[in-house]
Amino acid sequence: MKQESSQSLKSVTFIDLFAGIGGFRLALESFGATCVFSSEWNKQAQLTYAKNFGERPLGDITEIPTEKVPPHTLLCAGFPCQAFSISGKQKGFEDTRGTLFFEVARIAQHHQPQFLFLENVKNLVQHNRGETLATVLQTLNDIGYYPYYQVLNASDFGLPQKRERFYLIGIRKDLGTTPFVFPTPPRTPVALKDILLPDEETTAYCIDRQDILLKSDITLHRNLFGVYPLQPKRIGTVNKGGQGERIYHENGHAITLSAHGGGIGAKTGLYLINGIIRKLTPRECARLQGFPDNFELTSSDAQAYQQLGNSVPVTVLKAILQALQHWREQNAPTLQRSSATRFANG
């Protein structure tokens, strides 16, 4: 998929594990990095990925021998999060999806890429009283990496969606001990209404029910700097107000997009937009995740919602990659010596 590129990571090759529809790849290619391998088990996500990148990812990573994965500079993976999610049963490594982290470790241990770039749900940090995270960090340390992690919210990076996620950068130990510093959130002023489609393109997503209940005062005020709150603002309900039945203000932010969930506003939430209650369209959800409008979505709304709900916020990834490039510039001599040594020994 053609996009603007800074070329600052032109020398970097990467593999895209648990690739979904390609959020990591979109971010990395915008810096000029080259994908040399991708894997995604979901066949519908594979098709969307292929539409946009011209190649279909291989399937289940557990069935792909390590030696079939090519050497690479950076390993990226949004490994499955259901095992750690608050909305799930939180079985962690007892869940087969949780054990897929060890597939990442298997490949990293064998190929020893310079960097790891991982993403998961915020709840990974506190899951099982912190023991799950401790296992992740110890595993990465044992296979030769200094791990650095932080929880970042897409709302603070110019995307009007509350999406708090765990991000981890692993740096191979021989590259030095300079700590990796995650980017400072710019808190760019943005509201949901800034990314919405014209009303005439969203009529199929409007709802008209008798059980809509709005608060008596739904005014949303700007702060002293003239900015609306960078968070969702609930202003009403439908039915009993359960999951997918809450209504939010267009001048605030969207709730976290979800691949699952019920209710009339399932997966996107409900919003009062220009006086009408409606869900968000798949294209609007793509914008909330930082995907450009030329990114081709599947024709099935149900599949599009699921794929985008499982995806990563591209804008946040780009900010982290800028920080990683800054680290690389600071440590350029060490990187060059390491590469030369490995080439000589190869």
Per the list (1) under 22 Å from the mean Cα position of the chain (by Cα); (2) at pLDDT 95 or above; (3) not β-branched (Val, Ile, Thr); (4) not in a loop (DSSP other than H, G, I, E, B), residue check on Phe182 breaks on (4)
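Is at least one residue of segment 148-157 over 30 Å from Lys233 (Cβ atoms) and out of contact with any helix residue (DSSP H, G or I) (no Cβ under 6 Å at 6 or more places or on another chain)?
Yes, because at least one residue in segment 148-157 is over 30 Å from Lys233 (Cβ atoms) and out of contact with any helix residue (DSSP H, G or I) (no Cβ under 6 Å at 6 or more places or on another chain).
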Could you give every pair whose Cβ atoms fall below 8 Å, whose first residue belongs to segment 310-335 and is more than 30 Å from Gly261 (Cβ to Cβ), and whose second residue is hydroxyl-bearing (Ser, Thr, Tyr) and buried (at least 18 other Cβ atoms within 10 Å of the Cβ), counting only separations of at least 6 or pairs across chains?
-> Gln325/Ser8
Does segment 133-151 include one or more residues that are touching a strand residue (DSSP E or B) at 6+ places or on another chain (Cβ under 6 Å), touching a residue at least 60 places away in the same chain (Cβ under 8 Å) and of a type outside the set (Gly, Ala, Ser)?
-> no
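Can you give me the ranges of the strands (runs of 3 or more DSSP E) entirely in segment 234-346 with at least 2 residues that are surrounded by fewer than 20 Cβ atoms within 10 Å (Cβ to Cβ)? Give the steps one after another, and end with the answer.
Working: elements: 234-238, 246-249, 270-273, 276-278.
Per the criteria, 234-238.
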Residues that are modelled with pLDDT under 95 and of a type outside the set (A, V, I, L, M, F, W, C), drawn from segment 107-128 = Asn120, Lys122, Asn123, Gln126, His127, Asn128
Considering (1) closer than 19 Å to Ile171 by Cβ; (2) modelled with pLDDT under 95; (3) of a type in the set (Asp, Glu), say which one Glu131 fails and leave the rest.
-> (1)
Going through segment 214-233 one residue at a time, which ones are of a type outside the set (D, E, K, R) and loosely packed, with under 12 Cβ neighbours inside 10 Å?
-> Ser216, Thr219, His221, Asn223, Leu224, Phe225, Gly226
Do you know which residues across segment 191-203 are part of a helix (DSSP H, G or I) and in contact (Cβ under 8 Å) with a residue 60 or more places away in the chain?
-> Leu192, Lys193, Ile195, Asp199, Glu201
From the option list Ser216, Ser155, single residue qualifying as polar (S, T, N, Q) and in a helix (DSSP H, G or I) is Ser155
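Check Leu224, Leu280, Leu257, Leu317 and return the single one that is under 30 Å from Leu74 (Cβ atoms) and not assigned by TED's automatic domain parsing to the domain that holds Ala50. Steps first, answer last, please.
Values: Leu224 fails: under 30 Å from Leu74 (Cβ atoms); Leu280 fails: under 30 Å from Leu74 (Cβ atoms); Leu317 fails: not assigned by TED's automatic domain parsing to the domain that holds Ala50.
Only one candidate passes the filter, namely Leu257.
Test Asn294 against the criterion of being in contact (Cβ under 8 Å) with a residue 24 or more places away in the chain and at negative phi, and give yes or no. Spell out the reasoning first.
On the way: in contact (Cβ under 8 Å) with a residue 24 or more places away in the chain: yes; at negative phi: yes.
Here the answer is yes, as Asn294 does meet what is asked.
In segment 164-174, is there at least one residue being in contact with a Phe, Trp or Tyr (Cβ under 7 Å, 6 or more places away or on another chain) and part of a loop (DSSP other than H, G, I, E, B)?
First pass over segment 164-174, keeping only residues in contact with a Phe, Trp or Tyr (Cβ under 7 Å, 6 or more places away or on another chain): 166-173.
Subset that is part of a loop (DSSP other than H, G, I, E, B): none.
The answer is no, given that none of the residues of segment 164-174 is in contact with a Phe, Trp or Tyr (Cβ under 7 Å, 6 or more places away or on another chain) and part of a loop (DSSP other than H, G, I, E, B).
The values are calculated or read from the model by the stated rules, or taken from the named source; none is laboratory data. Remember, it's a predicted structure, so these values are computed and weren't measured experimentally. Methodologically, a virtual Cβ is constructed for each residue, glycine included, from the backbone with ideal geometry; neighbour enumeration extends over all protein chains shown.
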